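So the structure is just underneath, and the comments pick up after that.
The values are calculated or read from the model by the stated rules, or taken from the named source; none is laboratory data. Because the structure is a prediction, the values reported are computed rather than measured. Virtual Cβ from ideal backbone geometry, glycine too; neighbours counted across all protein chains shown. Ligands, DNA and RNA are stripped out before the accessible areas are found, and what is left, the full protein with its side chains, is counted by its heavy atoms. Shrake-Rupley method; radii C 1.70, N 1.55, O 1.52, S 1.80 Å.
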Amino acid sequence: MVTDAEEVSPTASSSELEQEDDDDDCYLSDQEDDALEESVLQVLEDERDEDCHWSSTSVITKESLLAAQREDLRKVMELLGLREHHARTLLIHYRWDVERIFELLDQKGRDRLFSEAGIPLQPANNAGSPSSTEVTCNVCYDDVLFSDASKMDCGHNYCNECWTGYFIVKINEGQSRRIKCMAPKCNTICDEAIVRKLVNAKRPDIAERFERFLLESYIEDNDTVKWCPSTPHCGNAIRVKGDIHCEVECTCGRQFCFNCSSEAHSPCSCVMWELWIKKCRDESETVNWITVNTKPCPKCHKPVEKNGGCNLVACICGQAFCWLCGGATGRDHTWSSISGHSCGRFTEDQSKKTEQARRNLYRYMHYHNRYKAHTDSLKQEAKLKGDIQGKISISENKDSKIKDYSWVINGLNRLFRSRRVLSYSYPFAFYMFGDEIFKDEMTPDERELKQNLFEDQQQQLEFNVERLSGFLEREFQNFTDDEVMDTMKHVINLSNVVDRLCKQMYQCIENDLLYPLRTPHNIAPYKSKGLDRASELNVCWDSSEQGLQSMKYSQDEHKSQPGFSGSSILGRRQPGSSSNNNGRPHKRERNDAHGGAALFDLNVPAEVADKI
């Protein structure tokens, strides 16, 4: 059991410094030394950013999408000397990862880099007057005027009619972002300007779709940008710099897991959460209940539930059968036997199957009931926001020395965050210590040891979360000043306790449970202040010139936080970047037990924010 955390402050010693013999050296007493060490640890902890703060996020709106895309195009065009459609082809092939393109340029060389992306090494020269006024199209074999044919960078020349029909088919098939040349075994990507010109002349609606596909390729083909999954859709996309295994919040208020685009589910991994949602949604547990509590009729095979004490059961189809073995029988029977029937033989396979289904069902019910209980508690506690605001208004207007009640809101936000962590910890435990994912990853002894370690921390967190909830529900507007001060002390201390326990649980999950496994499972980091809302991507246009001149990334909110890492796309990859971890789970530095946690500016969960 974790007791209330007491605030630690260095106490000044009133004892004089001792002098030993004739030496003038001064020594600190044990009490002073401990206090100094405590103070230094606290300062180091405060100066260090949260160990999981690895990502910075920005929102790309409909207005800034084109500008964000052109900024990446401009960088590639300037550094590699490419035309715009070649730069776009290169970026789409490497999923808009500019840093990776520059890395591969050193590793593979320019020629191989371009060849793999479908860019011709020596573009065909289309300049100069043709030697003949007509050309023969090798698709339809018609002789057409030179002006009615188009030549791609690879040198292949076909009539505009054949090109147009080919482009329309490819766009309708969803391949507009990488339309290859019609020539056999040619991997060159067609010039988007020619595609745009020819298709627009015949089918303007399809040409418009082609333009939209090219624009949205910055999101669809980009591993660091994803659409916000809000319903109805807000039209925004989120770009992440750093670790993609994170939870983000759009400016519309929707919080979601960036890796899988589902609701924020940390400390569950994406694989665990997907399995849990499917398990709760489908009828797999209904099948388990039927297996445990019913038996099939030997005639119509419908499940039959026993509603009496007699072992002779009659189905609605009229067939009588023995409940013990499921065999068909007649209706003549006594309380102790059925005429002409004996089933005393033991069938081990059926018994094992039924018992295993029963254990699996009880295990699932154990974790699901607790997950559902904490989820329901979170919904009920969301209603506290309005009640607490009313209590604060009453308290501030009464004759009292206490006027600052921000500790109540801070404690409530901490309660939301810790309750949510506690809720999702049960689906995590269900799969972590079950046989669905990690059956061969741990020995039974290791599984039992790790399960006991995790459940001890889970119980401590649960105990203190319930205590914090109890103090926040008190009618403090009717308290005296002394009672309010006592409540404030408990709320602040318990807020620190649950925050520290959440951090310790995440460290246990990442370092002791997931990191040693062969199967990589990454989880989104825990943040004491809740999820940081993504900052909007501001774009500055120069109206005196055509096109984009400069871009300005508004990261003021993130820069104000300690440990902020800039988002310059030409800089080095962030330490938590997914491209450097080789698929291994993150192992993060453990926090010292003395580490404190911020109590202010906490964000509420998405479920709560929607109702406030």
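Provide the FRET efficiency to the nearest 0.05 for the residue 143-residue 187 pair, computing r from the beta carbons and using R0 = 30 Å. Write out the running numbers ahead of the final one.
Details: r = 28 Å, r/R0 = 0.94.
Plugging the Cβ-Cβ distance into 1/(1 + (r/R0)^6) gives 0.60.
Ignoring ligands, DNA and RNA, what accessible area per residue does the range 134-221 give at 1.4 Å, in Å²?
51 Å²
Sorted by average packing, counted as other Cβ atoms within 10 angstrom per residue and highest first, what order do 314-321, 422-429, 530-537 take? Before the final figure, lay out each step's value.
Details: 314-321: 15.0, 422-429: 24.1, 530-537: 20.1.
My ranking of the peptides, most packed first, is 422-429, 530-537, 314-321.
Tabulate in residue order the Karplus-calculated ³J(HN,Hα) for the range 405-418, using 6.51 cos²θ - 1.76 cosθ + 1.60 with θ = phi - 60°, rounded to whole Hz; enter x for Gly and Pro.
10, 5, 4, 5, 5, 4, x, 5, 5, 5, 5, 4, 5, 5
Taking 18 Å as the cut-off for C-alpha to C-alpha distance, list the pairs among 278/302; 295/352; 403/489; 401/529; 295/372; 278/372 that go past it. Could you put the intermediate results ahead of the total?
Details: 278/302 25 Å; 295/352 15 Å; 403/489 15 Å; 401/529 29 Å; 295/372 30 Å; 278/372 15 Å.
Pairs exceeding the cut-off: 278/302; 401/529; 295/372.
Any chance you could check the Cα centroid distance between the range 480-527 and the range 424-452 for me, in angstrom?
What the calculation gives is 21 Å, centre to centre.
In nm, to one decimal, how far is the modelled label at residue 251 from the one at residue 517, with both set 7 Å along Cα→Cβ?
3.8 nm
Just by accessible area at a 1.4 angstrom probe, what is the order of 243, 205 from largest to smallest? All intermediate terms of the calculation are to be shown ahead of the outcome.
Details: 243 0, 205 80 Å².
Putting 243, 205 in descending order of accessible area: 205, 243.
Report the dimensions of the range 134-221 along its three principal axes from the alpha-carbon atoms, largest first, rounded to Å.
Sorted largest first, the three principal extents are 42, 28, 18 Å.
I'd like to compare 266-273, 388-395: which one has the highest average count of other Cβ atoms within 10 Å, and what's the full order after that? Spell out each step's value before the answer.
Working: 266-273: 23.2, 388-395: 15.5.
The most tightly packed comes first, giving 266-273, 388-395.
Under 5 Å between amide hydrogens, which residues at least 5 positions from residue 149 or on another chain qualify, with H placed 1.01 Å from N in the peptide plane?
160
Show me 191-197, 401-407 ranked by packing, highest mean number of other Cβ atoms within 10 Å first. Please report the intermediate quantities before stating the final value.
Details: 191-197: 18.1, 401-407: 11.7.
Packing proxy ranking, top to bottom: 191-197, 401-407.
Kindly write out, for the range 101-118 in residue order, the coupling ³J(HN,Hα) from the Karplus curve 6.51 cos²θ - 1.76 cosθ + 1.60 (θ = phi - 60°), rounded to whole Hz, with x marking Gly and Pro.
Those phi angles translate into 4, 5, 5, 5, 4, 6, 7, 9, x, 5, 5, 5, 4, 6, 4, 5, 8, x Hz.
Express in Å², to the nearest 10, the accessible area of residue 110 obtained by rolling a 1.4 Å probe over the protein heavy atoms while all chains stay in place.
Accessible surface of residue 110 is approximately 100 Å².
Rounded to whole Hz and in sequence order, give me ³J(HN,Hα) for the range 61-75 from the Karplus expression 6.51 cos²θ - 1.76 cosθ + 1.60, θ = phi - 60°, writing x for Gly and Pro.
8, 4, 6, 9, 5, 5, 5, 5, 5, 5, 5, 5, 4, 4, 5
Tell me which residues come under 5 Å, amide H to amide H, from residue 329 once H is placed; ignore anything under 5 positions away on its chain.
320, 321, 322
Per the 1.4 Å probe, what fraction of the accessible area of the range 344-521, in percent, lies on carbon and sulfur atoms?
Carbon plus sulfur share of accessible area: 48 percent.
Please calculate how many Å² of accessible area the range 344-521 carries per residue, with a 1.4 Å probe and no DNA, RNA or ligand atoms counted.
Numbers: 8550 Å² over 178 residues.
Counting only protein heavy atoms, the per-residue value for the range 344-521 is 48 Å².
Dipole magnitude of the range 170-286 about its Cα centre, charges +1 at Lys/Arg Cβ and -1 at Asp/Glu Cβ only, in debye to the nearest 20?
Details: 18 positive and 18 negative charges, 145 e Å.
Here the size comes out at about 700 debye.
Kindly sort 499, 143 by accessible area of their heavy atoms, largest first, with the probe set to 1.4 Å. It would help to have the intermediate numbers written out before the result.
Values: 499 0, 143 100 Å².
Per-residue accessible area, sorted high to low, gives 143, 499.
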